[in-house]
Amino acid sequence: MSRALSLRRSLLHLHHHRPKPLSPTTPPPPKPIQNPFSPLNPARKFCTSPTPTPSTNSEVRKYIGYTALVIFCGAATYYSFPFPGNAKHKKAQLFRYAPLPEDLHTVSNWSGTHEVQTRNFYQPENIEQLEKLVKENNEKKARIRPVGSGLSPNGIGLARSGMVNLALMDKVLEVDKEKRRVRVEAGIRVQELVDGIKEYGLTLQNFASIREQQIGGIVQVGAHGTGARLPPIDEQVISMKLVTPAKGTIEISKEKDPELFYLARVGLGGLGVVSEVTLQCVERQELVEHTFISNMKDIKKNHKKLLSENKHVKYLHIPYTDAVVVVTCNPVSKWKGPPKYKPKYTTDEALQHVRDLFKESLEKYRIAAAKSSDDNEPDINELSFTELRDKLLALDPLNKDHVVKINRAEAEFWRKSEGYRVGWSDEILGFDCGGQQWVSENCFPAGTLAKPSLKDLEFIEKLKQLIEKEEIPAPAPIEQRWTARSQSSMSPASSSAEDDIFSWVISVNLSLY
């Protein structure tokens, strides 16, 4: 009984002391203000911010979850994106590359510095297929970019949207021996063209260093050889056929439409796809190549003479040295014949200094030495100069002191390689550039043949001073050439003055390893 009475009293106590509900018109009672610095406030000296509520914690967790989801999706996309099986850059061992689609084409430029992947890589076999291809893509509003052999080091011809290559359109269509003209499909390579017209006693007026370009490409990009009296290669074009999206196939020439002709001759493929080219050729002839070492002081004295008295001339400037390698080429004299000259040094003697540096460097970089022995590489005595130079640079390409030693060894090689060489123009005007390269080429006016401005040599002096001041590991050579002007509007050597000359400087070629 006493327990029941006690329970009743407790319930009555709770009933009398519970808070009464507020009416809609009754304002809530004010909360007592607590002094944060009061002794009764336990958080007075530690924190004055309110305690997080459960809803705040929920918001934080939600945004953390969103952030993690975004990071995961980005990582999954990054590591799952299809890459070529021989990709040099492995991103992570946790992930495996997604299998490449069967219709995906990986296209790289000649020097291997740029590549792109596309599902649309077309190789028409004749002009009818090319016309159909251009028309269909135009109707679908799909973009395609003409690409030749990909020799441009900047990858200008590569496009993810789609490319058209004329490698299968590579025929010599017509040879006019009397007028010295040849009509070819644009996909034929320079070397194939030269070999195809040898029997007619014809060749091209000038050449770039490498013969792997397609004719359409070498013309469209405004490529050049060397010789202050000789224009860039686009000036050899007499007429050309252009497959366009809007007007179909059109034939353009100086006589039919000079304005469009001079614009499209160096058009970078932007006005249409070049399908055929008619070139003005010259008689095939033998040249005498003379290579010798000079220096900037003597070059300045003889610059005008060197440009005006030689059909072809180029300089090879070697950073961190005063050496300038001069290479001239001229037709063999009908009266004197080829020069009689006995070289002072053999090829092995000229290469010995470079070989010694290579052996010394292998001892210094022992890891590279072990790797080279494992790869079953050819004997050092079988390597050419450019191969030795590339391998030397590969050991430590960003070490300025190492590169300086290589450059000095190169200067010594050229000093011992002075002499003459006789050969056909299409065989002797090339230049062994070496391996993979980043190339920066500049073209600028250099006065006239009668009055050179010498700004071309000033440019080289400033460039070499900058290299030395900034201690840039710049390997040799810095190549310098000259051409006459071009009438093509988009040519770097475009000019309305007939006697203008232009200097082309292939700045520091940095090999990739």
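The values are calculated or read from the model by the stated rules, or taken from the named source; none is laboratory data. In this text, all values refer to a predicted model and were calculated from it rather than measured experimentally. Ideal geometry is used to build each Cβ from the backbone, glycine not excepted, and the neighbour counts take in all protein chains shown. For accessibility, only protein heavy atoms count, side chains too; no ligands or nucleic acids. Shrake-Rupley method; radii C 1.70, N 1.55, O 1.52, S 1.80 Å.
Please tell me which of these pairs span more than 18 angstrom C-alpha to C-alpha: K171/K198; K132/K256; K297/K400; K314/K405; K405/K464; K342/K416?
Cα-Cα > 18 Å for K132/K256; K297/K400; K314/K405; rest within.
For the range 108-163, what are Rg and Dmax over the alpha carbons, in angstrom?
12.0, 35
How far, in nm, would the chain grow between V332 and K171 when pulled straight, counting 0.36 nm per residue and subtracting the alpha carbon separation?
Roughly 54.8 nm would be gained on extension.
If I take R0 = 35 Å and measure r between the Cβ atoms of K300 and L263 in this structure, what FRET efficiency does the formula 1/(1 + (r/R0)^6) give, to the nearest 0.05?
Calculated transfer efficiency: 0.40.
Can you give me the solvent accessible area of I293 with a 1.4 Å probe, rounded to the nearest 10 Å²?
Surface accessible to solvent at I293 totals approximately 50 Å².
From largest accessible area down, sort F358, F444; use a 1.4 Å probe on the protein chains. Show your work: numbers first, answer last.
On the way: F358 15, F444 35 Å².
Sorted descending by solvent-accessible area, the residues read F444, F358.
Order C73, C443, C329, most accessible first, counting only protein heavy atoms with a 1.4 angstrom probe.
Details: C73 65, C443 40, C329 5 Å².
These residues rank, largest area first, as C73, C443, C329.
List the residues whose amide H sits under 5 Å from the amide H of H224, counting only those 5 or more places along or on another chain, with H placed 1.01 Å from N in the peptide plane.
Long-range HN contacts for H224: I233.
Compute the length gained on full extension between D195 and K247: take 0.36 nm times their separation in residues and subtract their Cα-Cα distance, giving the result in nm to one decimal.
Working: separation 52, 0.36 × 52 = 18.72 nm, distance 3.44 nm.
Length difference between fully extended and current span is 15.3 nm.
How much area per residue is accessible in the range 266-411 when the probe is 1.4 Å and only protein heavy atoms are counted (Å²)?
Per-residue value: 53 Å².
Give the calculated FRET efficiency between V70 and R143 to the nearest 0.05, with a Förster radius of 51 Å applied to their Cβ-Cβ distance.
Between V70 and R143 the formula returns 0.95.
Please work out how much accessible surface F413 shows to a 1.4 Å probe, ignoring ligands, DNA and RNA, in Å² rounded to 10.
30
Round to the nearest 10 and report in Å² the accessible area of E468, as given by a 1.4 Å probe over the protein chains' heavy atoms.
90
Averaged over every viewing direction, what's the projected area of the C-alpha convex hull for the range 120-208? Give it in nm², one decimal, please.
Average projection, Cα convex hull of the range 120-208: 6.9 nm².
Indicate the gyration tensor shape class of the range 406-475 (rounded, prolate or oblate), computed on the Cα atoms with a ≥ b ≥ c the square roots of the eigenvalues: a/c under 1.5 is rounded; otherwise a/b larger than b/c is prolate and the rest oblate. Present the calculation step by step, with values, prior to reporting the outcome.
Details: a/c = 1.70, a/b = 1.11, b/c = 1.53.
Taking the square roots of the gyration eigenvalues as a ≥ b ≥ c, the range 406-475 is oblate.
In the range 266-392, if every C-alpha pair distance is counted and binned at 10 Å from zero, what percent goes to each bin?
Taking all Cα pairs of the range 266-392, the binned fractions are 9, 23, 24, 23, 17, 3 percent.
On the first, second and third principal axes, largest extent first, how far apart are the outermost C-alpha atoms of the range 381-513 in Å?
49, 41, 26
State the volume of the convex hull built on the alpha-carbon positions of the range 231-286, expressed per residue in Å³ and rounded to an integer.
Spelled out: Cα convex hull of the range 231-286, divided by residues, is 93 Å³.
Give the ranking of K342, K416 by solvent-accessible surface, highest area first, calculated with a 1.4 Å probe.
Numbers: K342 175, K416 45 Å².
Descending accessible area places them as K342, K416.
In Å and whole numbers, how far do the C-alpha atoms of the range 213-263 stretch along each principal axis, longest first?
Largest first, the range 213-263 extends 38, 24, 13 Å along its Cα principal axes.
Excluding L271 itself, what net charge comes from residues whose Cβ is under 13 Å from its Cβ, given Lys and Arg +1 and Asp and Glu -1?
For residues surrounding L271, the net value is +2.
Between Q465 and R366, what length comes free when the chain is fully extended (0.36 nm per residue of separation minus the Cα-Cα distance, one decimal in nm)?
32.3 nm
Would you tally the net charge around E471, using a Cβ to Cβ cut-off of less than 14 Å, leaving E471 out, and scoring K and R as +1, D and E as -1? Numbers along the way, then the final one.
Values: positive: K400, K464, K469; negative: D401, E468, E470.
The answer is 0.
Can you send over the carbon and sulfur percentage of the accessible area for the range 381-500, probe radius 1.4 Å, protein chains only?
Working: 2750 of 5700 Å².
So the carbon and sulfur contribution to the accessible surface is 48 percent.
What nm value, rounded to one decimal, do you get for the distance between W438 and E387 when each label is placed 7 Å out toward the C-beta?
Label at W438, label at E387, 2.7 nm between them.
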